[in-house]
Amino acid sequence: MGHPIALVLEYYLVSYRRTWRASAFSSFVLPLLTVLGFGLGVGEFVDRRVDGVPYLDFLMPGLVASTALQVAVGDASWPVMGNFQWFKMYYAQVASPLRVGDIVGGHQVFIQFRVLLSSAAFLLVAALFGTLRSPWAVAMLAIVVLIGLAAGAPTMAFAAAVEQDSFLILLLRFVIIPMSLFSGVFFPVESLAVGLRAVAYVLPLWHGVELCRLAALGSPTAWPVVAHVGYLGLWAVAGLGLSMLAFRRRLVR
């Protein structure tokens, strides 16, 4: 690996070699338990068909999108703060010939690698339960990376800008959890009140859920595909730009 971003990625991959077994186990067991708990458990108490498909089939693409968002946020929050506050890894990296863009880019590539692995495990569980109804389901591997960037890049910028991890807890409680609940993962957004429905349309996760359902089920989306992709792309580009500014403010004196 000769490119600076690839060198930063190599550092994270070498570190990941010591922990991948535990994360790989949880990446497979968590989707399995989620499917059993929500899909087969809760599904027994709701209408068996939602938007014309069984509840488990409706639920699975939303869970894949939500998993991508949560993994991206998790890896872009406390680890980023830790590299500034506790381990000082970013300061060591910037003292080398690496530039701020290399540091941000390399860490983001690793985050999306983690998103891809976790989402692939969820897709494997989905396939085992027979919930993927379209040959385009493989496109979800690209969609989850876009979701990961749309969520992970702004989170990285936020984690680099704050000084206390209590702000990250607030982000989790008042942004990520509500977003996971009101973005159409567990029930159609159309069942919400008009005001809440408008809020859901602003959330990036809803757009990712719509794209995942299109790929997995072939169901139509509320917006054109290019609009969903473009909206997630705007979040990703804005987040990367803000990350560069936040990192440069702290690392370049």
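The values are calculated or read from the model by the stated rules, or taken from the named source; none is laboratory data. Bear in mind the structure is a predicted one, so any value in this text is a computation, not a measurement. Positions of Cβ are generated from backbone atoms using ideal geometry, with glycine treated the same way; all protein chains shown enter the neighbour counts. Remember, those area values only see protein heavy atoms, side chains included, never the ligands or the DNA or RNA. Shrake-Rupley method; radii C 1.70, N 1.55, O 1.52, S 1.80 Å.
With the Cα gyration tensor of the stretch 52-135 in hand, give its eigenvalues times 5 under a square root as the equivalent ellipsoid semi-axes, listed largest first in whole angstrom. If you can, show how the numbers build up before the last one.
On the way: eigenvalues 268, 28, 14 Å².
Computed over the stretch 52-135, the values are 37, 12, 8 Å.
In the neighborhood of Met244, defined by Cβ-to-Cβ distances under 15 Å, what is the net charge if each Lys or Arg adds +1 and each Asp or Glu adds -1? Mind dumping the intermediate values first?
On the way: positive: Arg99, Arg248, Arg249, Arg250; negative: Asp102.
So the environment of Met244 carries a net charge of +3.
Counting only protein heavy atoms and a 1.4 Å probe, tell me what percentage of the chain's accessible area is made up of carbon and sulfur. All intermediate terms of the calculation are to be shown ahead of the outcome.
Details: 8790 of 12200 Å².
Using a 1.4 Å probe with all protein chains present, the chain comes out at 72 percent carbon and sulfur.
If you line up the long axis of helix 55-76 against the longest principal axis of the chain, both from Cα atoms, how many degrees apart are they, to the nearest 10?
Helix 55-76 and the main axis of the chain meet at about 10 degrees.
Could you work out the relative contact order of the chain, using alpha carbon pairs under 8 angstrom and six or more residues apart, expressed as a whole percent?
Values: 312 pairs, mean separation 70.2, N = 253.
RCO, the chain: 28 percent.
What order do Met89, Met156 take when sorted by accessible area (1.4 Å probe), most exposed first?
Values: Met89 50, Met156 0 Å².
These residues rank, largest area first, as Met89, Met156.
How high is the relative contact order of the stretch 107-253, in percent, with contacts defined as C-alpha pairs under 8 Å that are six or more residues apart? Don't skip to the answer; put the middle values down first.
Values: 141 pairs, mean separation 55.7, N = 147.
Normalised by residue count, the contact order of the stretch 107-253 is 38 percent.
Compute the FRET efficiency between Leu13 and Ala198 as 1/(1 + (r/R0)^6), taking r as their Cβ-Cβ distance and R0 = 45 Å, and round to the nearest 0.05. Can you show the working numbers first?
On the way: r = 42 Å, r/R0 = 0.92.
E between Leu13 and Ala198, to the nearest 0.05, is 0.60.
What Rg and what Dmax come out for the stretch 107-248 when only alpha-carbon atoms are used, in angstroms?
15.7, 47
Once the Cα atoms of helix 140-161 and of the chain are each reduced to a long axis, what angle between those two axes, in degrees from 0 to 90 to the nearest 10, is obtained?
50 degrees
By how many nm would the segment from Trp20 to Phe167 lengthen if fully extended, with 0.36 nm per residue of separation less the alpha-carbon distance? Don't skip to the answer; put the middle values down first.
Working: separation 147, 0.36 × 147 = 52.92 nm, distance 2.79 nm.
Stretched fully, the Trp20-Phe167 segment lengthens by 50.1 nm.
Tell me, what is the per residue accessible area of the chain in Å², probe radius 1.4 Å? Let's see the in-between values first.
Values: 12200 Å² over 253 residues.
Averaged over the residues of the chain, the accessible area is 48 Å².
Quick one: helix 20-34 against the long Cα principal axis of the chain, what's the angle to the nearest 10°, folded into 0 to 90?
20 degrees
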